[in-house]
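The values are calculated or read from the model by the stated rules, or taken from the named source; none is laboratory data. Predicted model only: the values in this text are computed from it and were never measured. Positions of Cβ are backbone-derived with ideal geometry, glycine not excepted, and every protein chain shown enters the neighbour counts.
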Amino acid sequence: MMKLSKVLILLLLVFSWVMLPFAGWRSIKRFMPASLFMCFFLLIEDVIAERFKWWIIYPNLSSKISGMTPFAVGPFFTGSIFILKYTYGRFPLFLLVNLIVDTFFVYPFYRWFKKLGVWTLIKMNQLQLLSVFLTKSILMYGFHHFFIAKREQGN
C-alpha cells in the first residue's frame, strides 16, 4: 500500500491539473512561460536545498523523480498561472496575494505536511522559507514582465 504522504502528493498534483482549465486557455498560454520558469527554478533550488540541507522532502514518487517535482509541476505551476492571471499588472496586489498564499503554505500547511511525514525544514526556519518564496514570486513576476510582456507589446 502506498504511504499516505505519497497519496497526498499525488492528490495535490492531480487536483492542481484538474483546476488548471478553470484559469482559461488564454491565461494558460499567456502565463505558461513564467510558470515554466518557476518550475525550472524550483527544481534547481531543490538540488541546492538538498546539498545544503535546507529541507527534506521524504516521499519520492519514483527513484527518478525528486520529491520536489510533484510540487513544482503541480501546485506551484498551476498556482502561478492563477495568481498571475488575477494580479498581473497590479504589483502590490500580486505581492499581497503571494504573501497570503506563501504564509499559508509556510505555516499551517507546513506543520500539517511535517506531521504527515511529507517534508521538514532542517537548516532553514519558516520565516526564511517565506522570504525565499516571496523572492521567487518577485523573480517570476519580473521574468514575465521583462521577457514576456515586452514581447507581447511588440506584437
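Structural remarks
- Selection status of Ser62, modelled with pLDDT under 95, among the hydroxyl-bearing types (Ser, Thr, Tyr), on the phi < 0 side of the Ramachandran plot and exposed (fewer than 15 other Cβ atoms within 10 Å of the Cβ): yes
- Tallying residues that are touching a residue at least 24 places away in the same chain (Cβ under 8 Å) and within 17 Å of Pro70 (Cα to Cα) within segment 33-48 yields 10.
- Scanning segment 97-155 for residues that are under 15 Å from Met38 (Cα atoms) and among the polar types (S, T, N, Q) gives Asn98, Thr135, Ser137.
- Only one of the listed residues (Val106, Val101) is surrounded by 14 or more Cβ atoms within 10 Å (Cβ to Cβ), within 20 Å of Phe82 (Cα to Cα) and free of Cβ contacts under 8 Å to residues at least 24 places away in the same chain. That residue is Val101.
- Helices (runs of 4 or more DSSP H) completely within segment 1-94 that count 1 or more residues being touching a strand residue (DSSP E or B) at 6+ places or on another chain (Cβ under 6 Å) and closer than 19 Å to Thr120 by Cβ: 25-52
- Test for Phe113: is it over 27 Å from Asn60 (Cβ atoms) and either of a type outside the set (A, V, I, L, M) or in a helix (DSSP H, G or I) (or both): no
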